[in-house]
1. Please go through the range 44-68 and give me each residue that is surrounded by 12 or more Cβ atoms within 10 Å (Cβ to Cβ) and among the β-branched types (Val, Ile, Thr), ordered by number.
2. Test each condition in (1) part of a strand (DSSP E or B); (2) at pLDDT 90 or above; (3) not small (Gly, Ala, Ser) for Ile44 and report the one that comes out false.
3. Restrict the check to the range 22-36 and report whether at least one residue is within 30 Å of Pro92 (Cα to Cα), touching a residue at least 60 places away in the same chain (Cβ under 8 Å) and either in a helix (DSSP H, G or I) or small (Gly, Ala, Ser) (or both).
4. Of all residues in the range 50-71, count the ones that are more than 27 Å from Phe85 (Cβ to Cβ), part of a helix (DSSP H, G or I) and out of contact with any helix residue (DSSP H, G or I) (no Cβ under 7 Å at 6 or more places or on another chain).
5. Scanning for something among the polar types (S, T, N, Q) and not in a helix (DSSP H, G or I), does the range 79-88 turn up at least one residue?
Amino acid sequence: MEQHEISGRVAITTGNGGLRKINVTTDFSTAEIYLHGAHVTIGIIWLLLLWGRSMQGRLPAEKAEAVEIAGLYWHFVDVVWIFIFTAIYLIPTH
């Protein structure tokens, strides 16, 4: 398998003579967005579970640290999105 790079695009020659073109920038951006989306989903599920336990009275004051950690996780994911959004949508690539 050979790999040739031309201005951010990679062309990979497969063993049977086929050619597959990959746009590294687009593929990385897409993967980054999906990975962030997975973390947002995890955060939403975590916060909903904590909220549900709280509404049922099953979240005692001794478990306040769990709420703090969930809040820190959520805000970390939010700050990461600011950097991802800036890098992908606001910084010109040409």
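1. Answer for the range 44-68, where residues must be surrounded by 12 or more Cβ atoms within 10 Å (Cβ to Cβ) and among the β-branched types (Val, Ile, Thr): Ile44, Val67.
2. Failing condition for Ile44: (1).
3. Within the range 22-36 (the criterion being within 30 Å of Pro92 (Cα to Cα), touching a residue at least 60 places away in the same chain (Cβ under 8 Å) and either in a helix (DSSP H, G or I) or small (Gly, Ala, Ser) (or both)), the answer is yes, since at least one residue qualifies.
4. Qualifying residue count, the range 50-71: 9.
5. Residues of the range 79-88 that are among the polar types (S, T, N, Q), as a first pass: 86.
Subset that is not in a helix (DSSP H, G or I): none.
Within the range 79-88, none of the residues are among the polar types (S, T, N, Q) and not in a helix (DSSP H, G or I).
The values are calculated or read from the model by the stated rules, or taken from the named source; none is laboratory data. Model, not experiment: these values are computed from the prediction. Every residue, glycine among them, receives a Cβ derived from its backbone with ideal geometry; neighbour counts consider all protein chains shown.
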